[in-house]
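*Asks:* Let me begin by handing over the structure; questions about it come next.
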Amino acid sequence: MVKLGVNIDHVATLRQARKGSSPDPVSAALICRKAGCDSIVAHLREDRRHINDNDLQRLKLAFMNRLNLEMSVAYEIVDIACAIKPHQATLVPEKRKELTTEGGLDILRHKTRVKNAVRKISAAGSKVSLFIDPDKKQISVVPETGAEIIELHTGKYAAARTQSQKKVFLRELAQAASFARSLGLAVNAGHGLDYNNVWAVSRIPEINELNIGYSIICRSIFTGLESAVKEMLRLIR
Ligand code: PXP
């Protein structure tokens, strides 16, 4: 059964609009858990634009075995991950000016930096996943970094405008997932997935978990968070 990780960053984004204490991302995460999601995803950005250090401490206490910390390989953030010891850390590229994570990690280019981060975080006791594009060249280097999990970037598929483009990018994801499994890697996927496009990705047999944020939080404004998570679970299972 495909698992669901819910990214609650956008609850914190809303809180930061007034820089107060509401809505609280940890309370939102508890509702997601009640609705049946498998893990909670939160991105501690270097500029702390949504999730902050205190949120992370509280998330760790509430979700010992289910917290997936999205993070860059910046030294400060790696040190925080080693102290917090989330169940899983997902390494992503990060640019200050981007609205959201734009592309996958370029492990070919930053192999040593990624490898060092994987070694430190694994030694502290967390599993490590690498967020990468569905690209065979990138995937083939993953075993050299020591990571045992990848998350395939579904952004191109999600942004495709025509059915034929969607088909091409879906095939690319399926081939990447199959190649990664042949190397013994666990395969997750995410970015830009919503209630209209998630089903096809969830049918790729090698996919273990989907990480979804924006579409669920958007829907929750109209339906409530519990119902938005349950509806996504119904679609992917
Ligand atoms: N996975 C990763 C690695 C991401 O960076 C993000 C965005 O924070 C997501 C999944 C969720 O993407 P979305 O919010 O578009 O569902």
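The values are calculated or read from the model by the stated rules, or taken from the named source; none is laboratory data. Please read these numbers as outputs of a predicted model, since none were measured by experiment. Positions of Cβ are generated from backbone atoms using ideal geometry, with glycine treated the same way; all protein chains shown enter the neighbour counts. Keep in mind that these areas ignore ligands, DNA and RNA; they rest on the heavy atoms of the full protein, side chains included. Shrake-Rupley method; radii C 1.70, N 1.55, O 1.52, S 1.80 Å.
*Asks:* Give me a count of the residues in the stretch 191-207 that are open to solvent by 20 Å² or more (accessible area, probe 1.4 Å) and either of a type in the set (D, E, K, R) or free of Cβ contacts under 8 Å to residues at least 60 places away in the same chain (or both).
*Replies:* Total satisfying the criteria: 9.
*Asks:* For residues that are touching a helix residue (DSSP H, G or I) at 6+ places or on another chain (Cβ under 9 Å) and part of a loop (DSSP other than H, G, I, E, B), scanning just the stretch 132-164, find the one that is nearest to the ligand (Cβ to nearest atom).
*Replies:* 154
*Asks:* Okay, moving on. When you check residue 216 against the structure, is it in contact with a Leu (Cβ under 8 Å, 6 or more places away or on another chain) and part of a loop (DSSP other than H, G, I, E, B), yes or no?
*Replies:* Answer is no for this residue.
*Asks:* May I pose another question? Could you check the stretch 75-103 and list, in sequence order, the residues that are touching a residue at least 24 places away in the same chain (Cβ under 8 Å), within 15 Å of the ligand (Cβ to nearest atom) and open to solvent by less than 20 Å² (accessible area, probe 1.4 Å)?
*Replies:* Of everything in the stretch 75-103, those that are touching a residue at least 24 places away in the same chain (Cβ under 8 Å), within 15 Å of the ligand (Cβ to nearest atom) and open to solvent by less than 20 Å² (accessible area, probe 1.4 Å) turn out to be 77, 81, 86, 88, 89, 90, 91, 92, 101.
*Asks:* Inside the stretch 130-151, can you point out the residues that are of a type in the set (Gly, Ala, Ser) and under 11 Å from residue 114 (Cα atoms)?
*Replies:* Scanning the stretch 130-151 gives 146, 147.
*Asks:* If you take the residues in the stretch 49-78 that are within 20 Å of residue 131 (Cα to Cα) and among the charged types (D, E, K, R), which one is nearest to the chain's Cα centre (by Cα)?
*Replies:* 70
*Asks:* Next question. Which condition breaks for residue 70 when tested against (1) farther than 24 Å from residue 4 by Cα; (2) open to solvent by less than 30 Å² (accessible area, probe 1.4 Å)?
*Replies:* Only one criterion is unmet by residue 70, namely (1).
Each row is one residue, and each column tells you yes or no for (1) crowded, with 16+ Cβ neighbours inside 10 Å; (2) free of Cβ contacts under 8 Å to residues at least 60 places away in the same chain; (3) farther than 26 Å from residue 95 by Cα.
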{"residue": "7", "(1), (2), (3)": "yes, no, no"}
{"residue": "11", "(1), (2), (3)": "yes, no, no"}
{"residue": "16", "(1), (2), (3)": "no, yes, no"}
{"residue": "20", "(1), (2), (3)": "no, yes, no"}
{"residue": "25", "(1), (2), (3)": "yes, yes, no"}
{"residue": "29", "(1), (2), (3)": "yes, yes, no"}
{"residue": "35", "(1), (2), (3)": "yes, no, yes"}
{"residue": "39", "(1), (2), (3)": "yes, no, no"}
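*Asks:* Tell me, which residue of the stretch 218-237 that is β-branched (Val, Ile, Thr) and surrounded by fewer than 23 Cβ atoms within 10 Å (Cβ to Cβ) is nearest to the chain's Cα centre (by Cα)?
*Replies:* Here the residue is 236.
*Asks:* To continue, here is another question. Tell me which residues, restricted to the stretch 188-217, are in contact with a Lys or Arg (Cβ under 6 Å, 6 or more places away or on another chain) and away from the ligand (no atom under 11 Å from the Cβ).
*Replies:* Within the stretch 188-217, just 206 meets the criteria.
*Asks:* May I ask you to verify whether residue 210 is part of a loop (DSSP other than H, G, I, E, B) and open to solvent by less than 60 Å² (accessible area, probe 1.4 Å)?
*Replies:* no
*Asks:* A further question on this structure: Can you give me the number of residues within the stretch 72-113 that are of a type in the set (Val, Ile, Thr), outside any strand (DSSP E or B) and closer than 24 Å to residue 155 by Cα?
*Replies:* 5
*Asks:* Then there's this: I need a count of the residues in the stretch 178-214 that are under 13 Å from residue 140 (Cα atoms) and not hydrophobic (A, V, I, L, M, F, W, C).
*Replies:* Of the residues in that region, 4 qualify.
*Asks:* Can you pull out the residues in the stretch 171-190 that are open to solvent by 50 Å² or more (accessible area, probe 1.4 Å) and in contact with a Ser or Thr (Cβ under 8 Å, 6 or more places away or on another chain)?
*Replies:* 183
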